[in-house]
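Remarks on the structure that follows.
Each value in this text was obtained by applying a stated rule to the coordinates, not by laboratory testing. A quick note: this is a predicted structure, and the numbers were derived from the prediction, not measured. Please note: Cβ atoms are built from the backbone with ideal geometry, for glycine as well, and neighbour counts cover all protein chains shown.
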Amino acid sequence: MKKIMTMAVLAGLLSACGSDGNDAADTSQAYTGTVVGLVERVQADRQTIHIQGRALDAATAQVSYQDQPLQLTDVVAGMLVEIDSEKGRVSEIELEPMLSGEVATVDATSLSVNGQTFPLNEVTTTAQVRDFVLIFGQPQADGNLRLTAIQPVETNAISEVEGRISQLDTATKTLVINSTTVDFSGAVLDDEPLQQGNWVEVTGAFINGVFQASEVDVEDETDFDGKSLEGVITFINQEKTTLELNSRTLITLTPNTRYEDGTQADLTTGRTVDVDVFSQNAQLFAEEVEFESAAEAVQAKPFSIEGQARYVDETLSINGIVLTLSQNVRLEDGLTQTTLDGQWVELEGSKVEGLFLVREIEPEIQESEVSLEGLVTDNHIWGYRAADASLSVYEGQWVDVECRLDGLLLSQCHLDD
């Protein structure tokens, strides 16, 4: 039976709540669980934090970074945080910056920390030279980073850089994260061996132009079990059964996944979503996906390839083109890295930070027709050459085509509808 609320009771409730629909009295503050997402705003005078559309009571919250205590006043909009809430009351707020360290230079247009320079056209900061700052950003589907907050703090925490490994050199024990060169020769490694494309958190100190790592921690997706994750979709496979959040976290969609404010068909790169996840068999699965605004969605460059895989010395290539395995790459239908070499496969991924990052591989039967998505240059795509003029009309374009295949020669290419 539906309950009928009298006008008197309704008026009393509205009076108690006030006129601001985002106040702490919002019914969403009854939330219980763990949220990982960007802070929308902080009302320090009301001891309230807003995240994922929820207004939560932070009066007794313990705020920290690297187990170092901070204050609620240190928390600002745009920070990535992990929040534990019980019936709308927050017990812990853990700050999750992509970089922290001492400011080397700062002027009206930019700020540099740990060898990286950040433009100040997207965010404002009061940070000065030698301040210890936390820098927050959200990876976009095209591989760029949207800066969301820079906040100076008083803390004894040590410096940190976070991101995807590139230019890995196991001989010199160096790697690059964004533009920071990291020396990990003296570091404790959470997971060995490190691989190109791993998403890692590195702590240490920036000395003489090089980040001297004390610890390198490879992200473990199962750490997100039972949490609500906010992020940008940076990859979605063709079947819309696998998505990646924030260029790092791969999540499986099932027939039981629920959708709010959208449908499975609305899953596209660049969309911002909130995903409730659970872990099973070392994989993350989506229980519910809630869509946020579709405005200003940044598109990625997805690719797909069919061909014979070469996998030698942990390096994957097709037709001589080197590809990078994502640390959470999905290998389907019993395929493993040990059986990958020589197999005819279909790969899906996207171009990120100059890397062709593979997220999904499945075995295929070699046929006379092939589907390819990528850049056409000099009448070639993914190492295949067109024997006719059907590919040349797309010169310089990133396209999704179907072609006839004979050896390494293509013909009768046309856009895949």
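Assorted remarks:
- For the range 181-212 versus the range 28-90, the inter-centroid distance based on Cα atoms is 30 Å.
- Listed by chain and number, the aspartates and glutamates whose alpha-carbon sits under 19 Å from that of residue 173, ignoring those within fewer than 8 places in the same chain, are 160, 162, 183, 190, 191, 192, 201, 215, 217, 313, 314.
- Taking the Cα centre of the chain as origin and assigning +1 to Lys and Arg Cβ atoms and -1 to Asp and Glu Cβ atoms, the resulting dipole is close to 880 debye.
- Short-range pairs are left out: with C-alpha atoms under 8 Å and at least six residues apart, the relative contact order of the range 201-335 is 19 percent.
- Karplus 3J(HN,Hα) series, Hz, for the range 122-138 with 6.51 cos²θ - 1.76 cosθ + 1.60 (x for Gly, Pro): 9, 9, 10, 8, 9, 4, 10, 4, 6, 5, 8, 10, 10, 10, 10, x, 10
- Taking 161, 216 and counting other C-beta atoms within 10 Å, the order from fewest to most: 216, 161
- Residue-by-residue Karplus 3J(HN,Hα) for the range 243-259, coefficients 6.51, -1.76, 1.60, Hz, glycine and proline x: 10, 10, 9, 6, 6, 8, 10, 8, 10, 8, 9, 10, x, 8, 5, 8, 10
- Between 0 and 90°, nearest 10: helix 7-17 axis offset from the chain longest Cα axis: 80
- Counting other Cβ atoms within 10 Å as a rough exposure proxy, the listed residues 50, 414 run 414, 50 from fewest neighbours to most.
- Whole-Hz couplings from phi, Karplus 6.51/-1.76/1.60, listed for the range 139-144; x for Gly and Pro: x, 9, 5, 8, x, 7
- Fewest-first ordering of 90, 176, 393 by other beta carbons within 10 Å of each residue's beta carbon gives 393, 176, 90.
- Stokes-Einstein translational diffusion, the chain - Kirkwood Rh over all Cα pairs, 1.306 mPa s, 10 °C, in µm²/s: 67
- Reducing the range 353-417 and the range 295-349 to their Cα centroids gives an inter-centroid distance of 15 Å.
- P(r) tail fraction, the range 79-134 - alpha-carbon pairs more than 17 Å apart, %: 47
- Ordering of 130-136, 220-226 by packing [mean C-beta count within 10 Å, highest first]: 130-136, 220-226
- Taking amide H as placed 1.01 Å from N in the peptide plane, residue 79 has its amide H under 5 Å from the amide H of 39, each at least 5 places away in sequence or on another chain.
- Kirkwood Rh in Å, taken over the range 22-95 so that all alpha-carbon pairs contribute: 11.7
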